[in-house]
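Data block below; observations after.
The values are calculated or read from the model by the stated rules, or taken from the named source; none is laboratory data. In this text the structure is predicted, and so the values were computed from the model without any measurement. Every residue, glycine as well, gets a Cβ built from its backbone with ideal geometry; the counts of neighbours run over all protein chains shown. Remember, those area values only see protein heavy atoms, side chains included, never the ligands or the DNA or RNA. Shrake-Rupley method; radii C 1.70, N 1.55, O 1.52, S 1.80 Å.
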Amino acid sequence: MAVKYREKAQKSIVKFQSTAWLLYLYSLLFLGATFAQLAQGKLLGFLISGGVFFGTLLAATWMSSGRRNKFHYRQRKFVIQKPFPLMMLASLTLGACSFVGSWLVAGMGIFESVAYGLAAAVGSVLWYGMDEVTSSSFGAVRDQDSKEILALSEQSIVNIEQANKHIANRELSAYLSKIVKTSREVVNTLVNHPEKIPQARRFLHSYLGATESVIKRYADTHQLVDNDSLEKNFKQVLQNIDQVFEEQNQKLLENQVFDLDVDIEVLNTLMERQGIN
């Protein structure tokens with residue numbers, strides 16, 4: 001039970017760190033101005049203040065989403081398409097809202113309002129930073145289809161890593177770390193030797209994808225039930241996956257043809273037998 005509460009606390013910390021809470025607090029200034037305009041019966045002022053409030057709230061939401069996108073982007077080496085620059089959009093929106101708020105709500109002069117808007121936008125950029133600008137490196141891989149395979153494979157590996165953070169059993173976690181390490185070795189080998197990608201295509205599509213699905217399901221369900229039998233069964237599955245990953249990685253290094261038909265069938269049968277699939 002303590003482990004479950006600790007996992008929830010860790011999730012809350014990560015979510016809090018990615019949230020632009022300062023911008024949410026800043027938006028409350030305009031919320032107060034909106035109610036003040038309403039109390040004074042100023043309809044136009046109420047509408048302008050309300051619009052500025054919602055605009056600032058939207059900037060805070062975009063900044064939070066942009067920070068999460070940046071975090072996930074930095075976890076990956078192979079990305080086909082960069083996420084939309086939400087952090088920059090949020091800073092520009094904040095600057096525009098601050099300009100309108102200071103000019104039409106607070107009654108400042110036009111030049112003061114411009115300076116206030118610029119200060120808000122620049123301050124947002126300095127405090128939160130900007131969207132990720134580095135490009136992905138696919139090495140010698142030029143084929144678009146091959147790039148997509150590598151990007152999807154890395155996404156599966158990252159998802160396995162994320163699921164591993166929620167598994168308290170150290171032995172099971174160690175197996176997952178080893179599987180992740182081997183998977184990255186396979187992907188790195190393919191980046192350096194793109195001609196081997198057709199050879200590994202089925203391994204990446206079928207086996208790595210199935211492994212990700214199994215691990216994510218276990219990470220979700222083991223927090224809901226306290227079952228020693230489930231952990232024992234999952235350990236057997238991980239041992240099988242680890243063995244197959246090592247064998248396929250070795251075959252790839254030795255330029256041998258992958259033979260996944262039997263391996264995939266064994267994995268599916270084992271998962272069904274253990275009640276995990």
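Hey, any hits in the stretch 202-213 for a residue that's farther than 16 Å from Ser156 by Cα, open to solvent by less than 40 Å² (accessible area, probe 1.4 Å) and part of a helix (DSSP H, G or I)?
no
Go through the residues of the stretch 165-177 one by one and say whether even a single one is assigned to a helix (DSSP H, G or I), over 28 Å from Pro83 (Cα atoms), at pLDDT below 80 and not β-branched (Val, Ile, Thr).
no
Being of a type in the set (A, V, I, L, M), modelled with pLDDT of 85 or more, over 30 Å from Asn188 (Cβ atoms) and out of contact with any helix residue (DSSP H, G or I) (no Cβ under 8 Å at 6 or more places or on another chain), is that true of even one residue in the stretch 126-134?
yes
Restricting the search to the stretch 58-74, which residues are touching an Asp or Glu at 6+ places or on another chain (Cβ under 8 Å) and over 19 Å from Trp127 (Cβ atoms)?
Residue satisfying the conditions is Tyr73 alone.
Inspect the stretch 249-262 for any residue being under 28 Å from the mean Cα position of the chain (by Cα), modelled with pLDDT of 60 or more and open to solvent by less than 90 Å² (accessible area, probe 1.4 Å) and give the result as yes or no.
Yes, that holds for at least one residue.
Within the stretch 71-92, which residues are outside any loop (DSSP other than H, G, I, E, B) and surrounded by fewer than 20 Cβ atoms within 10 Å (Cβ to Cβ)?
Scanning the stretch 71-92 gives Phe71, His72, Tyr73, Arg74, Met88, Leu89, Leu92.
Look at Ala115 and say whether it is open to solvent by less than 30 Å² (accessible area, probe 1.4 Å), assigned to a helix (DSSP H, G or I) and over 21 Å from Leu44 (Cα atoms).
The answer is no for Ala115.
With respect to Gln236, determine if the residue is surrounded by fewer than 13 Cβ atoms within 10 Å (Cβ to Cβ) and modelled with pLDDT of 80 or more.
no
Test Arg68 against the stated conditions and say whether it is open to solvent by 70 Å² or more (accessible area, probe 1.4 Å) and under 30 Å from Asp143 (Cβ atoms).
For Arg68, the condition - open to solvent by 70 Å² or more (accessible area, probe 1.4 Å) and under 30 Å from Asp143 (Cβ atoms) - is not met.
Can you work out which of the residues in the stretch 188-200 that are of a type outside the set (A, V, I, L, M, F, W, C) and touching a Phe, Trp or Tyr at 6+ places or on another chain (Cβ under 9 Å) is most open to solvent (accessible area, probe 1.4 Å)?
Once the filter is applied, the top-ranked residue is Gln199.
Does any residue in the stretch 154-178 that is more than 20 Å from Val79 (Cα to Cα) and surrounded by 15 or more Cβ atoms within 10 Å (Cβ to Cβ) come within less than 8 Å, Cβ to Cβ, of a residue that is β-branched (Val, Ile, Thr) and at pLDDT 85 or above six or more places away or on a different chain, and which pairs are these?
That search, which allows pairs on different chains as well, returns Asn164/Val180; Leu176/Ile160.
Out of Gln199, Gln155, report the one residue that is part of a helix (DSSP H, G or I) and under 19 Å from the mean Cα position of the chain (by Cα).
Result: Gln155 is the single residue among Gln199, Gln155 that is part of a helix (DSSP H, G or I) and under 19 Å from the mean Cα position of the chain (by Cα).
Quick one: Lys181 ticks every box in (1) more than 23 Å from the chain's Cα centre (by Cα); (2) under 22 Å from Phe245 (Cβ atoms) except a single one, so which number is it?
Failing condition for Lys181: (1).
List pairs: first in the stretch 227-256 and charged (D, E, K, R), second crowded, with 16+ Cβ neighbours inside 10 Å and in a loop (DSSP other than H, G, I, E, B), Cβ under 8 Å, 6+ apart or cross-chain?
Final answer for the pair search is Glu231/His222; Lys251/Phe258.
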